[in-house]
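Down below is the structure, laid out as structure tokens.
Taken together, the values in this text are just the output of simple stated rules run on the coordinates, not laboratory data. The structure displayed is predicted, hence computed values, not measured ones. For neighbour counting, all protein chains shown are included, and Cβ atoms are generated from backbone atoms with ideal geometry for every residue, glycine included.
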Amino acid sequence: MSVAPRAAAPTETGTTAVLAGLRVALHVTFAALLTVGLARALADRSPEASSGPFPATTLVLLTAALAGVYLAGTVLERRRWARGDDVGRGPAVAWLALVLLLWGLLVAHHGDFAWVAFPLFFVVLHVVDRVARQAWVRHVVGPALVVAMAVVVVAGMAAGAGGVRVPAVIGPLVGAAVAVVLSGAYRALHAESERQRAVAEQLRAAQAELARTEHRAGVSAERERLAREIHDTLTQGLASIVLVSRAAQDALDAADPALARQRMETVRATAAENLAESRRFVRDLRGTGAPSLIEALERAVTGFADRQAAAGTPVAADVEVVGEPVAVAEAVETAVLRAVQASLANVGAHAGAHRARVTLGYLGDELTVDVADDGAGFDPAVVAARARAGAAGADLGVGTGVGLASVRERLAAVGGEATVESAPGEGTVVALRVPLVAAGAGRSADPEQTESEETA
């Protein structure tokens with residue numbers, strides 16, 4: 001029995017397994033020697049031999065008591081140590097004293113019980129090592145107790161019929177010396193086991209914290225992505241519905257039902273497009289197919305032009321494709337499409353343009369998209385400064401720059417970049433660039449396959 005430091009349950013390592021094997025061997029040896037001693041003592045109880053100071057029943061009870069106390073102490077220690085509880089110095093010392101007392105009584109009855117001292121050497125050294133507060137106590141008291149036990153063993157053997165013999169003296173003393181040396185080795189192994197356990201616990205804690213950090217980062221990135229998706233699709237569509245519905249109300253107030261119906265039809269078409277966009281959004285989340293980039297851009301530009309016309313601020317818009325189209329990664333297609341939608345939304349809200357063009361280029365080693373308009377233009381430095389300061393769009397007349405920041409974030413996420421060229425009175429060009437290597441190009445576009453996937 002020993003005093004165990006408060007700690008978590010030990011981690012199974014190679015050293016731990018070795019220590020466990022040594023403990024099992026020690027307990028088995030104790031049980032075997034105690035059983036042999038009892039058998040020899042009972043066998044020697046013949047009419048011609050000395051019966052010893054105890055009756056047979058008392059001898060058996062003392063043996064059972066020693067076995068029970070030893071077993072109870074070791075089991076209690078292991079259980080409390082596994083829970084990280086402290087056994088306590090007082091109980092440990094009391095347990096050891098009781099074990100040695102019972103053993104001494106048995107040795108006094110029959111000399112063969114003296115052999116039980118050899119496993120008890122290790123038990124004594126173990127308990128003293130645990131309860132000692134100072135190093136000198138561990139190095140002096142433990143070996144001193146072992147030597148005293150060796151003397152008891154020699155005395156027990158001398159009390160036998162053979163008397164004192166040289167091997168009977170040397171054997172216990174050598175056993176005591178070996179026990180001291182092996183106990184030191186056991187302490188070193190135990191210390192190494194504790195070090196390995198502490199390192200393993202720290203590693204597990206670091207891995208758990210890393211997993212939590214990665215999870216939080218993933219959740220944050222996904223939230224930002226969803227926010228951009230909603231801003232560039234559903235939010236823009238709903239804003240267009242509100243704007244065109246107001247224009248329809250103005251037409252009704254002006255007693256022009258034909259214009260009102262035309263604008264309400266635009267509201268319906270925009271709502272239908274928003275519904276389709278939301279379905280595509282859900283489909284993207286599920287990882288299913290998406291329409292080709294050219295088709296998606298044409299649809300986005302047509303919808304933009306229709307909404308602007310219905311709102312009474314028409315903008316002629318078209319798509320131009322340069323180069324031989326190649327298939328690119330779905331993530332790149334989505335990023336480019338959303339960036340174009342956000343750029344067109346800025347054209348409709350702030351540029352006051354009459355014409356806009358989206359130019360999609362497959363230029364050798366990069367994919368390019370330019371969104372150009374002939375609107376009022378602006379000073380990009382002013383917009384960036386106001387965006388950092390959190391200024392409202394009304395203060396600028398050209399927006400807060402949040403949409404442009406979203407465009408840049410989208411392109412950066414797929415290895416591309418977005419730049420803005422503008423000046424007051426000279427229109428605006430939003431230029432998107434994605435290297436085709438980063439875009440995952442290399443497969444020829446298959447319009448028929450795209451069409452079949454879209455139909456499905």
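Ranked highest first by average number of other Cβ atoms within 10 Å, how do 261-273, 328-340 line up?
Packing proxy ranking, top to bottom: 328-340, 261-273.
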Legend entry - For Ala356, distant residues with modelled amide H under 5 Å away: Ala316, Ala317, Asp318
Inset, instruction - Tabulate in residue order the Karplus-calculated ³J(HN,Hα) for the range 415-430, using 6.51 cos²θ - 1.76 cosθ + 1.60 with θ = phi - 60°, rounded to whole Hz; enter x for Gly and Pro. - result: x, x, 8, 10, 10, 10, 10, 7, 7, x, x, 10, x, 9, 10, 9
Inset, instruction - Quick one: what are the phi-derived ³J(HN,Hα) couplings along the range 328-344, Karplus 6.51/-1.76/1.60 with θ = phi - 60°, whole Hz, x for glycine and proline? - result: 10, 4, 4, 4, 5, 4, 5, 5, 5, 4, 5, 5, 5, 4, 5, 5, 5
Inset, instruction - With θ set to phi - 60°, apply the Karplus curve 6.51 cos²θ - 1.76 cosθ + 1.60 along the range 352-369 and write out the HN-Hα couplings as whole Hz, x wherever there is a Gly or Pro. - result: x, 8, 9, 8, 9, 9, 10, 10, 9, x, 9, 10, x, 9, 8, 9, 10, 9
